[in-house]
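The values are calculated or read from the model by the stated rules, or taken from the named source; none is laboratory data. The model shown is predicted, which means the values in this text are computed figures rather than measured ones. Note that we place each Cβ from the backbone using ideal geometry, even for glycine, and neighbour counts take in every protein chain shown. These accessible areas exclude ligands, DNA and RNA; they are computed on the full protein's heavy atoms, side chains included. Shrake-Rupley method; radii C 1.70, N 1.55, O 1.52, S 1.80 Å.
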Amino acid sequence: MMVSFFDQFESPFFLGIPLIAIAITLPWMLFPTPTSKWVNNRLITIQNWFINQFTSQLMLPLNVGGHKWSLLLTSLMIFLITINMLGLLPYTFTPTTQLSLNMAFAVPLWLATVIIGMRNQPTIALGHLLPEGTPIPLIPVLIIIETISLFIRPIALGVRLTANLTAGHLLIQLIATAAYVMMSMMPVVALLTATVLFLLTLLEVAVAMIQAYVFVLLLSLYLQENV
């Protein structure tokens, strides 16, 4: 029986129960919990340094009102990176390859930024739909275009994360299958293919981290427009 390349993106089941909840919960169990001691170990020190550096860099362009989102955005960044990295291990499942999960993150957070802008500064928020100096005949067209682009933002967030991770996983599986098939027929070509597979895996590790950062960065930019 032939196994489809897309089977790796199906949510695993055990006794008819979907295990995606466990896949989402597991990353939080891997991080060490800070203690009340004066001196922490090296792992917690590096973890705190990374979180502080990322939070300060992310919140730099935002005003004081946007700093309330620092805990949420930093937690989302760490969560996405951990899930993406764990999904590169053999016999694992990557929840962020599911568009439904990514949209569940993107839509509420994007909608929250829009609601904050409409509540705190409705004139400026609505002013983004019409650039200054627009000729009168183009006003209705530009308003429609900007409104469509505004509602496309959460779709772009979810689809970007899903597409990049799905494409990387598929490419790794295709090259790994080719190397395995050619192992007995053309060992030299199989070795070269395995080398390409190793380099592609390193690239996919970078993509897993970059896509998580881009997801959170775009959310912070949307927030910057509305605070």
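Provide, for q = 0.13, 0.23 Å⁻¹, the log10 of I(q)/I(0) from a solvent-free Debye sum over equal Cα point scatterers in the stretch 75-189.
Results for the stretch 75-189 at q = 0.13, 0.23 Å⁻¹ read -0.71, -1.21.
Rolling a 1.4 angstrom probe over the protein heavy atoms, how many square angstrom per residue are accessible across the stretch 73-126?
Here the residues of the stretch 73-126 average 46 Å² of exposed surface.
Which one of Ala112, Thr74, Ile44 is farthest out on the positive end of the charge dipole of the chain, using unit charges on Cβ (Lys, Arg +1; Asp, Glu -1) and the Cα centre as origin?
Ile44
Take the solvent-accessible surface of the protein heavy atoms, probe 1.4 Å, and return the percent of it on the stretch 123-227 that carbon and sulfur atoms account for.
81
Calculate I(q)/I(0) for the stretch 20-129 by the Debye formula, one identical point scatterer on each C-alpha and no solvent, and give its log10 at q = 0.14, 0.18 Å⁻¹ to two decimals.
Summing over Cα pairs of the stretch 20-129 leads to -0.78, -1.08.
Using only alpha-carbon positions, what ratio does the radius of gyration of the chain give when scaled by 2.2 N^0.38 Å?
In units of the 2.2 N^0.38 Å rule of thumb, it is 1.27.
For the stretch 51-100, which whole percent of the accessible surface, found with a 1.4 angstrom probe, sits on carbon and sulfur atoms?
Roughly 65 percent of what the probe reaches on the stretch 51-100 is carbon or sulfur.
Please report, ordered by residue number, every helix of the chain (full DSSP H runs) that is 20 Å or longer along its axis going by C-alpha atoms and whose mean Kyte-Doolittle hydropathy reaches 0.0.
Both cut-offs are met by 42-59, 70-86, 99-120, 139-182, 187-226.
Given DSSP loops and a limit of at most 15 other Cβ atoms within 10 Å, what is the longest stretch of the chain that contains no such GluC sites (Glu not before Pro)?
11-131
Calculate, in whole percent, how much of the Cα-Cα pair population of the stretch 106-173 lies beyond 14 Å.
69
Calculate, for the stretch 142-201, the solvent-accessible area per residue in square angstrom, rolling a 1.4 angstrom probe over the heavy atoms of the protein chains.
That works out to 60 Å² for each residue.
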